[in-house]
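First the structure, in the form of structure tokens, and then the observations on it.
Every read-out reported here was derived from the displayed coordinates using simple, explicitly stated rules and does not represent laboratory data. On a predicted model such as this, the values are computed, not experimentally measured, just so you know. Positions of Cβ are generated from backbone atoms using ideal geometry, with glycine treated the same way; all protein chains shown enter the neighbour counts.
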Amino acid sequence: MPRAFIAIDISEAVRQKLVAAQQGLAAAGAQLRLVEPENVHVTVKFLGDIPEDKVEAVADAIRAAVKGAQPFDIAVRGIGVFPGLKYIRVVWAGVSDGRENVVAVQRNIDRELQKLGFPLERDFVPHLTLARVKSAAAMEKLVAFVKENVGTEFGVTRAQAVELKQSTLTPRGPIYSTLARIELA
């Protein structure tokens, strides 16, 4: 039963700028688990464990949801956190330009997947996860880093496809593989 999610991949140029931000995060001294550079993506929807026999139906739902959607640019800008600065669990980079396109794709996918029994997202925020916080150590330095980088520009990437991904958990972190890639036409 694959643990699955839906994502939009990013360009190598943007990825490298995000890696530099991750190095800054690490230097802040907080106890973090950085996302492996090759695993950084625009999160569209986390699905959790899905039965093998449902994978193709999920891929078909994504195809139906993005039918007619054109490729678009995504500007990656700023550092943010979930759930908030008083209690940080996740550090992410945001989506500025192209945000409305990502939200439209996500909503269409959400509607199609609801037909298969997946719950609707409540408060979708387009983002790219950079790190997960392991403890509250050096939190003030982490908060300062986030505040200093709230407007940092990481570049523009082209959304050309939506991918259904599998996440295989290992002791060294998750390994992602693509179950289906649906091109935007």
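Some values worked out for this structure:
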{"quantity": "Candidates 152, 43, 129, ranked by Gaussian network fluctuation over the chain, Cα under 10 Å, top entry", "calculated": "152"}
{"quantity": "Selection from 75, 13, 128 lying farthest towards where the dipole of the chain points positive, charges on Cβ", "calculated": "128"}
{"quantity": "Residues 113, 34 arranged by fewest to most Cβ contacts within 10 Å", "calculated": "34, 113"}
{"quantity": "Backbone HN-Hα couplings from phi across the stretch 59-70 [Karplus 6.51/-1.76/1.60, Hz, Gly and Pro as x]", "calculated": "4, 5, 5, 5, 4, 5, 5, 9, 4, x, 6, 9"}
{"quantity": "Answer label, with percent of Cα pairs over 28 Å apart calculated from the coordinates and candidates [x] 60; [y] 17; [z] 24", "calculated": "[z]"}
{"quantity": "Residue with peak Gaussian network fluctuation, the chain [Cα springs, cutoff 10 Å], from 126, 51, 71", "calculated": "51"}
{"quantity": "Amide proton proximity set for residue 95, modelled H, under 5 Å, gap of 5+", "calculated": "77"}
{"quantity": "Order of 103, 42 - criterion: other Cβ atoms within 10 Å of each residue's Cβ, fewest first", "calculated": "103, 42"}
{"quantity": "Spatially near lysine pairs across the stretch 3-183, Cα under 26 Å, sequence gap of 8 or more or different chains", "calculated": "22"}
{"quantity": "Dipole axis of the chain (+1 Lys, Arg; -1 Asp, Glu on Cβ), positive-most option in 41, 137, 2", "calculated": "137"}
{"quantity": "Distance between the stretch 116-185 and the stretch 2-16 - C-alpha centres, whole angstrom", "calculated": "8 Å"}
{"quantity": "Projected area, mean over directions - the stretch 2-99, Cα convex hull, nm²", "calculated": "7.8 nm²"}
{"quantity": "Burial ordering of 55, 95, 133, fewest other beta-carbon atoms within 10 Å first", "calculated": "55, 133, 95"}
{"quantity": "Among 91, 146, 76, residue whose mean-square fluctuation peaks in a GNM of the chain (springs only between Cα atoms under 10 Å)", "calculated": "146"}
